[in-house]
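Accompanying notes for the structure given below.
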Amino acid sequence: MFRFTHEAVDGTALRSELLDHHCGGYASFEGWVRNHNEGHAVTRLEYEAFEPLGIKEGTRIINEAIARFGVTRALCVHRVGDLQLGDVAVWVGVSSPHRDEAFKACRFIIDEVKHRVPIWKKEHYANGDTGWVNCERCAADAHAHDLKAHDHAGHDHHGHQGD
Amino acid sequence: MSAPLRGLVLSGGRSTRMRQDKAALAISGVSQLQRAAGLLTGQGLAVSVSVRADQTSDPLRARYPQIIDAGDVQGPAAGLLAAHSADPQAAWLVLACDLPHLDALTLTTLIAARDASRTATAFCSSSDGLPEPLCAIYEPAGLAALRNFVAGGRSCPRKFLIQSDTLLLAQPNPEALANVNTPEELQAARAVLDTGAALTLRVQYFALLRDQAGRSEEQVTTTAATAAQLYSELAVRYGFTLGSESLKVAINTEFAEWSAPLAAGDTVVFIPPVAGG
């Protein structure tokens, strides 16, 4: 299942949706709001989504993960609205009989969500400027954008939890 | 609280005078059933199609959720009552599938003016001032009353609306409800609509495009035939800095090709580079 929330993400509550006695392994990932990006001090973020299509595409990703890795349950929740430093922006959880599939499916889901689901992120910088991530610089230099779009490591705002 | 609103396209008519299936008539490359369903989808409504029992496997109709006429009622009342039986709690925005001039503005006006405490909300005909029964919202209690009306031996939805406390509206576009019943009327409609005439669409803007357009959505009347042409037109109007090669496009909440044809009432969203996570 994939859904959006306008509220703070409660990982403990979400984890309980994945409990299953058939499963011996559970992996989760949280994406957090970080205080810097590409050398700029970031003070807060705004996320927005085209939710009807986002839910469709996110659900397709979850179903692909279940089919591909044979995991039992998978859930991804993405927050939209105004977020502060340290807030959870995205949460992914997977349960499966064995751990390997859970790790792989969790990684697959977050990678695909970042590339495919219509969600946008506006950064607010310490100097008062703002910018839509992946949009402003690519508008100035479409070729550079293409490189960034395919190598999104430069846009990773988040640390892994439970590595 | 008002009843949830659902969309219904009536496609179970016999099309006797047209001598061919009105739902399948193509004008500007789009069948009249697809067009009516697209207009309802464009208003955010779930759409069902009313069919006769012998039409369920027709490929054009099979792509939509179907509601099958019970078979004991004549005319459009059959579809209305079947919809009410299928979901007695819902209000139904009902459209005939022979309204090639119907536009999104007309439906937006109808939905905005809806009074759920009335039997129905409908437009006055721009020719005779009487209620237009086949582009109207019927409330659940109104459909229950229609059932009694039909049980009493009558079946004309227009007469039913005349006798009921129907909220009647003036049409924002007096041509919008002109229907086509005969091959001659079809030819006349094609002469007007097939010549690259303008379509009215809804466009929603997100992220950088919303900032640059200065709005989150609007009705756009355009002669663009494809999503790509529409983006070019709007990019000039608003000075969008993103080229279409860095965007995707969605029509009616599904990803679409840039070459996809546009139909009146479509909702189009241009999708800037995404940045979830």
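The values are calculated or read from the model by the stated rules, or taken from the named source; none is laboratory data. Keep in mind that what you see is a predicted model, and the values were worked out from it rather than measured. Positions of Cβ are generated from backbone atoms using ideal geometry, with glycine treated the same way; all protein chains shown enter the neighbour counts. These area figures cover heavy atoms from the full protein model, side chains too; ligands, DNA and RNA do not enter into them. Shrake-Rupley method; radii C 1.70, N 1.55, O 1.52, S 1.80 Å.
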If I fit a long axis through the Cα atoms of helix B:32-42 and take the longest principal axis of the Cα atoms of chain B, what angle between them do I get, 0 to 90°, rounded to 10?
70
Net charge near residue A:27 (other residues with Cβ under 10 Å of its Cβ; Lys, Arg +1; Asp, Glu -1) is +1
Partners for residue A:122 among aspartates and glutamates (Cα-Cα distance below 17 Å; same-chain residues under 8 apart left out):
A:38, A:46, A:48, A:51, A:82, A:87, A:136, A:156, B:211
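Given R₀ = 25 Å, what would the calculated FRET efficiency be for residue B:238 paired with residue A:40, taking r from the Cβ atoms and rounding to 0.05?
My answer for the efficiency is 0.40.
Within 10 Å of each Cβ of B:265-275, how many other protein chain Cβ atoms are there on average? It would help to have the intermediate numbers written out before the result.
On the way: counts 0, 0, 1, 0, 4, 1, 4, 7, 13, 17, 17.
That works out to 6 on average.
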Cα shape, the range B:5-192, gyration tensor, a/c 1.5 rule:
rounded
For the range B:199-271, what is the accessible area per residue in Å², given a 1.4 Å probe and the full set of protein chains?
40
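For residue B:12, what is the net charge nearby, where nearby means another residue's Cβ is under 10 Å from its Cβ and Lys, Arg count +1, Asp, Glu -1?
On the way: positive: B:14, B:52, B:61; negative: B:54, B:69.
Net local charge, residue B:12 excluded: +1.
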Whole-percent carbon and sulfur contribution to the accessible surface of the range B:37-94 (1.4 Å, no ligands, DNA or RNA) stands at 52
Estimated dipole of the range B:199-271 in Debye, rounded to 20 [Cβ of Lys and Arg +1, of Asp and Glu -1, Cα centre]:
140
Inter-chain shielding of A:111-118 (mean C-beta neighbours from other protein chains, 10 Å cut-off)
4
Calculated from DSSP helices alone, with each H run of at least 4 adding -39500 (n - 2.57) and the total divided by the residues of the protein assembly as shown, [θ]222 nm to the nearest 500 comes to -9500 deg cm²/dmol
Could you name the aspartates and glutamates in cross-link range of residue B:22, using Cα to Cα under 14 Å and dropping any fewer than eight places away on the same chain?
B:58, B:98, B:184, B:185
With unit charges on the beta carbon (Lys/Arg positive, Asp/Glu negative), name the residue among A:94, B:127, B:15 whose Cα is farthest towards the positive pole of the charge dipole of the protein assembly as shown.
B:15
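Considering only protein heavy atoms and a probe of 1.4 Å, how much of the accessible area of the range B:162-277 is carbon and sulfur, as a whole percent?
On the way: 2620 of 5030 Å².
That fraction is 52 percent.
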Given a 1.4 Å probe, show me the residues in the range B:199-227 buried by at least 30 Å² of accessible surface when comparing the whole protein assembly to the chain alone.
B:206, B:207, B:208, B:210, B:211
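Nearest 20 debye, what's the magnitude of the dipole of chain B about its Cα centre given +1 on Lys and Arg Cβ and -1 on Asp and Glu Cβ?
The dipole of chain B has a size of about 380 debye.
Net charge around residue A:88, counting only other residues with Cβ within less than 9 Å of its Cβ (Lys, Arg = +1; Asp, Glu = -1)?
Details: positive: A:79; negative: A:10, A:30, A:87.
Its environment carries a net charge of -2.
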What whole number of Å gives the distance from the Cα centroid of the range B:173-224 to the Cα centroid of the range B:99-160?
23
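Share of the range A:1-51's accessible area from carbon and sulfur, percent, 1.4 Å?
Details: 1450 of 2850 Å².
C and S fraction of accessible area: 51 percent.
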Among B:209, B:265, B:249, whose Cα lies farthest out toward the positive end of the dipole of chain B, if unit charges sit on the beta carbon of Lys, Arg (+1) and Asp, Glu (-1)?
B:265
Using only Cα atoms, find the angle between the long axis of helix B:183-193 and the longest principal axis of chain B, and express it within 0 to 90 degrees, rounded to the nearest 10.
30
Per the C-alpha gyration tensor (a ≥ b ≥ c, the square roots of its eigenvalues), the protein assembly as shown is rounded if a/c is under 1.5, else prolate if a/b beats b/c, else oblate; here it's prolate
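Need one word for the range B:199-271: rounded, prolate or oblate. Basis is the Cα gyration tensor (sqrt eigenvalues a ≥ b ≥ c); a/c below 1.5 gives rounded, then a/b vs b/c decides. Walk me through the intermediate numbers first.
Values: a/c = 1.40, a/b = 1.25, b/c = 1.12.
Taking the square roots of the gyration eigenvalues as a ≥ b ≥ c, the range B:199-271 is rounded.
In Å², what does the accessible area per residue of the range B:5-192 work out to with a 1.4 Å probe? Please report the intermediate quantities before stating the final value.
Details: 7910 Å² over 188 residues.
Dividing the accessible area of the range B:5-192 by its residue count gives 42 Å².
Give, rounded to the nearest 20 debye, the magnitude of the charge dipole that the range A:2-155 has about its Cα centre when Lys and Arg contribute +1 at Cβ and Asp and Glu contribute -1 at Cβ.
On the way: 18 positive and 23 negative charges, 76 e Å.
The dipole of the range A:2-155 has a size of about 360 debye.
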Which whole number gives the average, over all residues in A:127-134, of C-beta atoms from other chains lying within 10 Å of the residue C-beta?
3
With a 1.4 Å probe on protein heavy atoms only, work out how much accessible surface A and B bury together, total over both chains, in Å² to the nearest 100.
2200
For residue A:104, give me every one of the aspartates and glutamates with a C-alpha distance below 14 angstrom, ignoring sequence neighbours fewer than eight places off in its own chain.
A:64, A:112, A:163
